[in-house]
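Read the structure below first, then the notes.
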Amino acid sequence: MNLAVYLRRYWQLYALLVLPVCYFIVFKYAPMYGILIAFKDFNFFQGINGSEWIGFEAFKEVFAMKDFYKTLRNTLMLNFLDLLVSFPAPLFLAIMLYELKTAWFKKLSQTILYIPHFISWVIIGGIVYQVFGTQSGMINNIITSMGFEAIPFLTDKNDWLITYLAVGVWQSAGWGTIIYLAALTGINRELFEAADVDGAGRLRKIWSITLPSLKPTIVTLLIINLGHMIAIGFDRPFVIGNTAVRDYSDVLSTFVYRIGIESGQYTLATVVGLFQAVVGLVFVLGANYASKKLADQSIM
Amino acid sequence: MREQQASRTFDVVNTIAILFFVLLCLAPFLHILAISLSSARAIMSGEVSLLPVELNWKAYKQVFTDMSMIRSLGFTVVLTLIFTVLCMLMSIAAAYPLAKTKLKGRKAVMFLIVITMFFSGGIIPEYMLVRNLHLLDSIWALVLPGLISPFYLIILITFFQNIPDSLEESAEMDGSSHIRTLISIIVPLSMPVIATLSLFYAVGRWNGFQDTLMYITSPEMYPLQLKLYQLVQNNMVSELMQAEGATGQSMLQPEGLKAASVMFATVPILLVYPWLQRYFVSGVMLGAVKG
């Protein structure tokens, strides 16, 4: 089939692709071109092309900034602590839900446990201040009514870590069960019957049948999580954090926003963003490589 | 017998534990609801936990008569609708040709798309783009940059590919054009996945915050999240002042009003969510099969 005939027959398919391809070029690839800002002394009047080249000057400046290392450390620290706490939570919850026998109760519980996932971080932030506030927060009301001293959950950086992590578990644990519960539907029921014959108790069955059957899912999810160690959302640390706990709450994403959009140091902010994108890419590719080796399946 | 007993005990403990977690999930919402319905005096004295004290509707009356709040809600609804419709039109238009493995040039386009899943220009270059296109402080700054999510697009492509070819072929035999086949055969067969993806786009837009913070400056264009963020910031200021030893409650807005505003922004999600839950869950599964 020659090209003219081919196009006459399939031109509509290509026509459909025109707008989407334009979208990707304008809104995804043009910003990649904008990375040039990192190598230029950028100012608005001269634009990206007109601004003067400065080579790696801005990189040197960023790598000499104390705040850069602090936000990098905080990003890794918050992600790592999150992994310790928020990663196992849905696994336990899923196993518990799986063991529930009353169908309607299980369904109702799931419906309610999924809700926090759909609440925006801004709303969660609003709730956090009412619940964790020092003077009138619900938790501190209980603590002080029992005669203890109020805990500054929002203004002391170590206490704030507890708040940050607790809110993360609250928001993600329920929704995270979906993938485990789906994997659990694949378990062969006969295994449980055989275990019954052998006289295995409930915990024994969980340990020897349920958990091992979740192993591939756990490993895959763990690797994906490790691949995202340097990526961090903006909303959660930005909304829950504040100036009193900035030592811990300032992460790469909020740092880029602060020095770029708020202070107008566009070149420096672009450098930080580029650093995060490149290191993030290496992490993700590394994670994918690891999962290919370990679980024999690509996560991409 | 003893084993049965142990198993029964396990069920009871497990049920109670789940019940506890469910309550833990709901408690913050109940607390905010209780605050929003309580009198200012009761809130100040710290009497309110999960049930309202000295029940009244004052805070809600105030929220519903605050025109800027109503306008913000209206704007967010319009924004979410426009965004979701355009997202789905673009995604369907892209997914249909890309589902055809034999299409010439398909690989190149897929490559172009997949790259963007792993690498992006970053926040500052994106901001510069929106600025250069003169979209700042307009609804399009919140619509255009996020029109196609590569992840959702791939889910859609996979779904299209699983539709039996014979259906399309018979339509083509009858002389149906590609676009016609897409509209009259493919789209009707894909309604479940289209519903699911629409929901994900819609919730993402409804809850989206960072871009509203960066791109919107005039108050009459504040989406709900940005409007609410100001309240949160309010809370933060008073919390910080208390930490530094200043006394007195937040000087800017009474707690009840803040709580009522939070409820005002939460309830729309809570209302639609239970009815659409199965679509959300199926969406996760679609993603997991591929992802």
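Table for the structure above
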{"read-out": "Taking only Cα atoms of chain A, radius of gyration then Dmax in Å", "value": "25.1, 86"}
{"read-out": "Percentage relative contact order, chain A, counting C-alpha pairs under 8 Å, at least six apart", "value": "24"}
{"read-out": "Using θ = phi - 60° and Karplus 6.51 cos²θ - 1.76 cosθ + 1.60, couplings along the range A:139-152 (whole Hz; Gly, Pro as x)", "value": "5, 5, 4, 5, 4, 6, 5, 8, x, 8, 7, 5, 9, x"}
{"read-out": "Approximate shape of the protein assembly as shown as ellipsoid semi-axes (Cα gyration tensor, √5λ), whole Å, largest first", "value": "40, 35, 25"}
{"read-out": "Most positive-pole-ward Cα, B:Q161, B:M90, A:G34, against dipole of the protein assembly as shown from beta carbon charges", "value": "B:Q161"}
{"read-out": "Phi to ³J(HN,Hα) by Karplus 6.51 cos²θ - 1.76 cosθ + 1.60 over the range B:153-169, Hz, x for Gly, Pro", "value": "4, 5, 4, 5, 4, 4, 5, 4, 5, 7, 6, x, 4, 4, 4, 5, 4"}
{"read-out": "Separation of alpha-carbon centers, the range A:20-86 and the range B:58-82, rounded to whole Å", "value": "36"}
{"read-out": "Proximal aspartates and glutamates relative to A:K60, as straight alpha-carbon distance under 18 Å, when same-chain residues fewer than 8 apart are discounted", "value": "A:D41, A:E52"}
{"read-out": "Ranking of A:M146, A:M77 by count of other Cβ atoms within 10 Å, fewest first", "value": "A:M146, A:M77"}
{"read-out": "Given charges at beta-carbon only (K, R positive; D, E negative), |dipole| of the protein assembly as shown in Debye", "value": "1160"}
{"read-out": "Degrees, to the nearest 10: B:67-98 long Cα axis against longest axis of chain B", "value": "20"}
{"read-out": "Cα centroid separation, the range A:254-295 to the range B:173-204 (Å)", "value": "35"}
{"read-out": "Shape of chain B, Cα gyration tensor, a/c cut at 1.5", "value": "oblate"}
{"read-out": "Amide H within-cut-off set for A:K40, under 5 Å, with H built and near neighbours excluded", "value": "A:I54"}
{"read-out": "Set of aspartates and glutamates near A:K107 by C-alpha distance (under 15 Å), chain-local residues within fewer than 8 positions excluded", "value": "A:E99"}
{"read-out": "Count of lysine pairs in chain B with Cα separation under 25 Å (8 or more residues apart, or interchain)", "value": "9"}
{"read-out": "Fewest-first sequence of B:S166, A:S253, B:S120, B:S36 by Cβ atoms within 10 Å of each Cβ", "value": "B:S166, B:S120, A:S253, B:S36"}
{"read-out": "Computed E for B:L271/A:I54 - FRET, C-beta separation, R0 45 angstrom, nearest 0.05", "value": "0.25"}
{"read-out": "Cα gyration tensor, the range A:1-54 - rounded (a/c under 1.5), prolate or oblate", "value": "prolate"}
{"read-out": "A:V282 versus B:T65: modelled label distance in nm, points set 7 Å from Cα along the beta carbon direction", "value": "6.1"}
{"read-out": "In nm, spacing of pseudo-spin labels at B:I115 and B:D11 (7 Å Cα→C-beta vector)", "value": "5.9"}
{"read-out": "Within the protein assembly as shown, helix-based [θ] at 222 nm, where runs of 4 or more DSSP H residues each add -39,500 (n - 2.57), nearest 500", "value": "-22500 deg cm²/dmol"}
{"read-out": "Ranked B:C25, A:C22, criterion: other C-beta atoms within 10 Å, fewest first", "value": "A:C22, B:C25"}
{"read-out": "Calculated FRET value between A:A64 and A:A231, using beta carbons and R₀ = 35 Å, to 0.05", "value": "0.90"}
{"read-out": "Gyration tensor (alpha-carbon) shape descriptor, the range B:1-135, a/c threshold 1.5", "value": "oblate"}
{"read-out": "Residue-wise HN-Hα coupling along the range A:255-271, computed from phi with Karplus coefficients 6.51, -1.76, 1.60 (Hz; x: Gly, Pro)", "value": "5, 4, 4, 5, 7, x, 5, 7, 9, x, 8, 5, 4, 4, 5, 5, 4"}
{"read-out": "Förster radius 30 Å - calculated FRET efficiency between B:V78 and B:L189, Cβ distance, rounded to 0.05", "value": "0.50"}
{"read-out": "Helix axis angle, B:2-36 relative to chain B longest principal axis, alpha carbon, degrees", "value": "70"}
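Read-outs throughout are calculated quantities, based only on the coordinates presented, and are distinct from any laboratory measurement. Just so we're clear, the structure is a prediction, and the values are computed from it rather than from any experiment. We place every Cβ from the backbone using ideal geometry, glycine too, and count neighbours over all the protein chains shown.
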